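The structure under discussion appears below in the form of structure tokens.
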């Protein structure tokens, strides 16, 4: 009997130790540092394409031990301030097309590179709750900036940033409205779903270890729940989700999937079902953008085949030099106008 107990205890101990080590390794590898993209070989709008008409001030603020870069696009007599929180793997400049569109409608914009992203400090992005920490400190910075702290504030976030903007409602009571796109409500649910994609049902045996590790890393931020934040918020929230999103699934890990748990009557839901713009990153593409991307993809595929998948760097540069970046990044006007009116209604 005693021997059986010892064997059982040993097996459990080995499982716990291996699980703890595996969780840390997988978790840390899932949240590396993301440097600026090489814009000569992608189709993103670059700030150099805009700076003549969209001047910005680059600022710095602390988020825990790291210094983050912020970008202020200020204009006189603006409707208010839109704070844009970017997704994992990108940075503020990944969302310049959104900045441009909102600026053209009369808004001032504040964007920032989150921890471990682009021009901000940080050896890695650390984890999902880090986005809450960063937006918390961004909003605290705004309160100290005399050019910004008198403006009405609304939030706009995608994915990692979408999770951040709803959970910011736990921490700040001066937010007029929130738009959250393709976002989960809780960090551990999302991380567990990603682990499940790698190891199947065994992911559920690892969920307690994910929770413990996140609690160690992020303390009081770790278990914040976006749905609870929405339910405790008196202002309007818009939830946008793609039906074919494979990263944050509309029927499982997304806020949208849990809408039955939302009790607030100030929430608008938009499920995007169009097959050509219902994924994680293409929700806002205009019809013209979709058609143009299809055309240039044909050309790029021919290059890919010509060089057996190893397109020379200079050839890639030549290709992207001929791409109309503004056309690729053109936004769905109808959806953007809905968001704009939603924001305007919130500050009346």
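Laboratory data are not the source of any read-out in this text; all were calculated from the coordinates shown. Bear in mind that the values here come from a model prediction, so they are computed numbers and not experimental data. Glycine gets a Cβ as well: all are built from the backbone with ideal geometry, and neighbour counts include every protein chain shown.
Of all residues in the range 31-78, how many are in a strand (DSSP E or B) and loosely packed, with under 13 Cβ neighbours inside 10 Å? Talk me through it step by step, then tell me what you get.
If we filter the range 31-78 for residues that are in a strand (DSSP E or B), which is where we start, we get 34, 57-63, 66-73.
Then drop every residue that is not loosely packed, with under 13 Cβ neighbours inside 10 Å, which leaves 57-58, 62.
Final tally of qualifying residues: 3.
Assess whether residue 296 counts as being out of contact with any helix residue (DSSP H, G or I) (no Cβ under 6 Å at 6 or more places or on another chain) and either closer than 26 Å to residue 89 by Cβ or without any contact (Cβ under 8 Å) to a residue 60 or more places away in the chain (or both). Step through it out loud before you land on a result.
Details: out of contact with any helix residue (DSSP H, G or I) (no Cβ under 6 Å at 6 or more places or on another chain): yes; either closer than 26 Å to residue 89 by Cβ or without any contact (Cβ under 8 Å) to a residue 60 or more places away in the chain (or both): yes.
Here the answer is yes, as residue 296 does meet what is asked.
Listed here are the residues, each with its yes/no results for (1) without any contact (Cβ under 8 Å) to a residue 60 or more places away in the chain; (2) farther than 24 Å from residue 51 by Cα; (3) assigned to a helix (DSSP H, G or I); (4) out of contact with any strand residue (DSSP E or B) (no Cβ under 6 Å at 6 or more places or on another chain).
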{"site": "99", "(1), (2), (3), (4)": "yes, no, yes, no"}
{"site": "119", "(1), (2), (3), (4)": "no, no, no, no"}
{"site": "128", "(1), (2), (3), (4)": "no, yes, no, yes"}
{"site": "132", "(1), (2), (3), (4)": "no, yes, yes, yes"}
{"site": "137", "(1), (2), (3), (4)": "no, yes, yes, no"}
{"site": "143", "(1), (2), (3), (4)": "yes, yes, yes, yes"}
{"site": "161", "(1), (2), (3), (4)": "no, yes, yes, no"}
{"site": "166", "(1), (2), (3), (4)": "no, yes, yes, no"}
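Criterion first (touching a residue at least 60 places away in the same chain (Cβ under 8 Å), crowded, with 21+ Cβ neighbours inside 10 Å and either in contact with a strand residue (DSSP E or B) (Cβ under 9 Å, 6 or more places away or on another chain) or assigned to a strand (DSSP E or B) (or both)) does residue 110 satisfy it?
Against the criterion (touching a residue at least 60 places away in the same chain (Cβ under 8 Å), crowded, with 21+ Cβ neighbours inside 10 Å and either in contact with a strand residue (DSSP E or B) (Cβ under 9 Å, 6 or more places away or on another chain) or assigned to a strand (DSSP E or B) (or both)), residue 110 does not qualify.
Can residue 291 be described as more than 25 Å from the chain's Cα centre (by Cα), assigned to a helix (DSSP H, G or I) and closer than 19 Å to residue 274 by Cα?
Answer is yes for this residue.
Which ones in the range 85-95 are without any contact (Cβ under 8 Å) to a residue 60 or more places away in the chain and touching a helix residue (DSSP H, G or I) at 6+ places or on another chain (Cβ under 7 Å)?
Residue satisfying the conditions is 93 alone.
Taking residue 283, is it surrounded by fewer than 18 Cβ atoms within 10 Å (Cβ to Cβ) and in contact with a strand residue (DSSP E or B) (Cβ under 7 Å, 6 or more places away or on another chain)?
Numbers: surrounded by fewer than 18 Cβ atoms within 10 Å (Cβ to Cβ): no; in contact with a strand residue (DSSP E or B) (Cβ under 7 Å, 6 or more places away or on another chain): yes.
In short, no.
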